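Only one structure is covered here, and it is reproduced in the block below.
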Amino acid sequence: MISLVIVFLGCLLPLLAYSDNVIVPGATWTDTSGNAIQAHGGGILKVGDTFYWFGEDKATNSGLFQAVSCYTSPDLLNWTRQVNALVPIDGTMISTSNIVERPKGKLDVTNSEYVMWFHSDSSDYGAAMVGVATSQTPCGPYTYQSSWRPFGAESRDMSLFQDDARTSYLLYASDVNQNFKMAQLDTNYYNVTAVVSELFGATLEAPGIIKRNSVYYLFASHTSGWAPNPNKWFSAQSMVGPWSSQSDIAPPAVNTYFSQNAYDLPLGSGGIYMGDRWRPDLLGSSTYMWFPLDWSSGSPKIVEADVWNVDIDAGTYSVAQGVGYEAEQGLLSGAAVLFSNPAWSGGGAVGWLGNGGSVTINNVQGNGLGQWITISYANCDSSWRSTTVSVNSGPTVPVDQPNTGGCLVTLTVPVKLDLVAGPNSITVGSNQTTYAGDLDKIMVYG
Ligand SMILES: [Ca+2]
C-alpha cells in the first residue's frame with residue numbers, strides 16, 4: 001500500500017508542479033520541464049494547432065546573443081522547450097559578441113519555408129540591421145542567411161506582420177529611432193521591396209500589428225531604453241495608411257503595467273498583448289506580461305488581468321476574480337505607518353515596511369491548495385524594491401517590486417503561496433533589511 005502511494009505521488013507531482021491553467025503576468029513562467037522560460041522579445045507563429053514561441057534566451061543575463069529559443073504549446077499555457085531555433089556562429093553578425101533581438105518567424109507559402117527575421121546588431125547597437133534565417137521546420141534550427149540595412153537605412157526594434165498567406169511586412173524603427181517604417185517583403189520573405197508607410201518623428205519601438213474587421217491596429221512603445229513607457233496604438237484602413245494619431249492602450253501613469261510590447265496575437269474578436277517586463281540588471285529574470293486586448297469600447301485596451309485564462313478554440317478569455325484585503329485593515333508592527341489618501345484602494349495603505357516595519361493581514365481565506373496572490377503596492381523610487389511575504393508566520397518569500405513611477409501609482413506583483421484551508425495570516429515586510437514598496441492591498445485568487 002505504501003509503495004503504491006509513493007508511485008502515485010511520483011506520477012502526480014510533476015503534473016501539479018509544472019502544468020498550469022492560468023496566465024499570471026509578471027510571474028516566473030516555467031516550461032514543461034520546470035525551467036524558467038527564456039523567450040524575451042518574442043514572437044508567436046501558429047502552424048496547425050501548435051503555437052511556436054520564439055524569443056531571446058537571456059539565461060546568462062547578458063544582452064549579447066546566446067540563442068533564439070523555440071517553445072511549443074497547444075494552448076498558450078503549457079510550453080515545451082524544443083531545439084534552439086538559432087545559435088551563434090563565430091565571425092558573423094550572429095556571433096556571441098553581437099546582438100540578436102526580437103526574433104519573428106513566418107511561413108512563406110511560396111517556398112514552403114519558414115523565415116525568421118530579427119534585429120541584428122553590434123554590441124553598441126551601431127550596426128542597426130535586420131537579419132534573416134530560414135528553415136524547413138517551424139522550430140528549425142534555422143540557417144542564418146545574412147544581415148543588412150533595409151534600403152541602406154538603420155533598422156533597430158522590429159517585427160513582422162503577415163497580412164495574408166503571401167503578404168508580409170517588416171515593421172521597424174529607423175533613422176536613429178526617429179522614423180517608424182513599414183516595408184513589404186518580397187514573395188520569398190528574404191528581402192524588403194518597398195516602404196509602404198512611414199511615421200515621421202514617431203520615435204516608436206517594439207511594434208506589432210493586429211488586423212481586425214479589415215482595420216490595421218499598430219501597437220508600439222516609445223523609446224526609453226529598458227524602462228517602460230505608455231505603449232500606444234494607431235489604426236489605418238490600409239497598410240499604406242493614413243495612420244491615426246496615437247492613443248494609449250492602458251492608463252499612461254502605469255507605463256503599460258511596467259512592460260513593453262513584444263508581439264500582438266489575434267484572439268477571437270480581440271487579441272493578446274504580449275509584453276516584456278524588462279529587468280536590465282538581471283535580464284534573464286525579465287518576466288512576461290501578457291494581457292487580453294479588448295475592443296468593447298471601440299478601441300483596443302489592455303484588460304488589467306492579474307490571473308486569467310484563454311480558450312483558444314472559442315477565441316475567448318476569462319479573468320479570475322480575486323478577493324481583496326486592504327493593507328490598512330491589517331495589524332501594523334514596528335516602524336510601519338498608515339497612509340490615508342483617496343487615491344489608495346479603500347482610502348489607505350501601509351508604508352515604512354521593511355527595516356523592522358511589517359503589516360499582518362488576518363482572516364485571509366485560503367483553500368488549502370497553492371494559490372496566486374497579487375500584491376498591490378507603490379514604489380516611487382527610480383529603482384526596484386522588493387518585499388517579503390509570509391503565511392501564518394512561516395518562511396518569508398521575497399517578491400520583486402518594480403518602480404511604479406509615482407508614490408500614489410500602484411502596480412501588482414504575483415506570488416504563489418500555500419494557504420491553509422480557512423483563515424490565514426499574511427505578513428508583508430518582515431525579516432528584510434531594505435524598504436519594501438507601500439502596500440495598498442492584496443488579492444487572493446483560486
Ligand atoms: Ca488600501
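FYI, it's all coordinate maths here, none of it is from the lab. Nothing here was measured: the structure is a model prediction, and the numbers come from that model. Ideal geometry is used to build each Cβ from the backbone, glycine not excepted, and the neighbour counts take in all protein chains shown.
Points to keep in mind about this one:
- Selection of region 126-173 for residues being among the hydroxyl-bearing types (S, T, Y) and part of a strand (DSSP E or B) yields T134, S135, T143, Y144, S146, S147, S159, T167, S168, Y169, Y172.
- For region 92-109, the criterion of being assigned to a loop (DSSP other than H, G, I, E, B) and acidic (D, E) is met by no residue.
- Of all residues in region 110-125 being outside any strand (DSSP E or B) and small (G, A, S), the one that is farthest from the chain's Cα centre (by Cα): S112
- When C380 is tested against (1) touching a Cys at 6+ places or on another chain (Cβ under 7 Å); (2) within 12 Å of the ligand (Cβ to nearest atom); (3) not acidic (D, E), only condition (2) is not met.
- Here S155 meets the list (1) farther than 28 Å from S95 by Cβ; (2) surrounded by 17 or more Cβ atoms within 10 Å (Cβ to Cβ); (3) hydroxyl-bearing (S, T, Y) almost entirely, failing just condition (1).
- Some residue of region 65-81 being assigned to a strand (DSSP E or B), free of Cβ contacts under 8 Å to residues at least 24 places away in the same chain and not charged (D, E, K, R): yes
- All of (1) in contact (Cβ under 8 Å) with a residue 40 or more places away in the chain; (2) in contact with a strand residue (DSSP E or B) (Cβ under 8 Å, 6 or more places away or on another chain) hold for A343 with one exception: (2).
- Here region 167-185 is the region considered, the condition is being of a type in the set (S, T, Y) and free of Cβ contacts under 8 Å to residues at least 60 places away in the same chain, and the residue that is surrounded by the most Cβ atoms within 10 Å (Cβ to Cβ) is Y172.
- Residues within region 422-445 that are in a loop (DSSP other than H, G, I, E, B) and either aromatic (F, W, Y) or more than 16 Å from the ligand (Cβ to nearest atom) (or both), tallied: 7
For (1) under 17 Å from K301 (Cβ atoms); (2) in contact (Cβ under 8 Å) with a residue 40 or more places away in the chain, each residue gets a yes or a no:
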{"residue": "E154", "(1), (2)": "no, no"}
{"residue": "D157", "(1), (2)": "no, yes"}
{"residue": "I210", "(1), (2)": "yes, yes"}
{"residue": "Y217", "(1), (2)": "yes, yes"}
{"residue": "S221", "(1), (2)": "yes, yes"}
{"residue": "D248", "(1), (2)": "yes, no"}
{"residue": "Y263", "(1), (2)": "no, yes"}
{"residue": "P266", "(1), (2)": "yes, yes"}
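- Condition broken by L408, with the remaining ones in (1) of a type in the set (A, V, I, L, M, F, W, C); (2) buried (at least 20 other Cβ atoms within 10 Å of the Cβ); (3) within 15 Å of the ligand (Cβ to nearest atom) satisfied: (2)
So that you can scan it fast, the table gives a plain yes or no per residue for (1) over 19 Å from T410 (Cβ atoms); (2) among the aliphatic types (A, V, I, L, M); (3) within 15 Å of the ligand (Cβ to nearest atom); (4) in contact with a Gly (Cβ under 7 Å, 6 or more places away or on another chain):
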| residue | (1), (2), (3), (4) |
| --- | --- |
| G322 | no, no, yes, no |
| V350 | no, yes, yes, yes |
| N355 | yes, no, no, no |
| V359 | no, yes, yes, yes |
| N362 | yes, no, no, no |
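- The set of residues in region 91-121 being out of contact with any Ser or Thr (no Cβ under 8 Å at 6 or more places or on another chain) and without any contact (Cβ under 8 Å) to a residue 40 or more places away in the chain consists of G91, S95, T96, S112, D121.
- Scanning region 203-218 for residues that are out of contact with any Ser or Thr (no Cβ under 8 Å at 6 or more places or on another chain) and surrounded by fewer than 22 Cβ atoms within 10 Å (Cβ to Cβ) turns up K211, N213, S214.
- Selection status of V337, within 13 Å of the ligand (Cβ to nearest atom) and either more than 19 Å from T374 (Cα to Cα) or in contact with a Leu (Cβ under 9 Å, 6 or more places away or on another chain) (or both): no
- Region 304-339, residues that are without any contact (Cβ under 8 Å) to a residue 12 or more places away in the chain and small (G, A, S): S318
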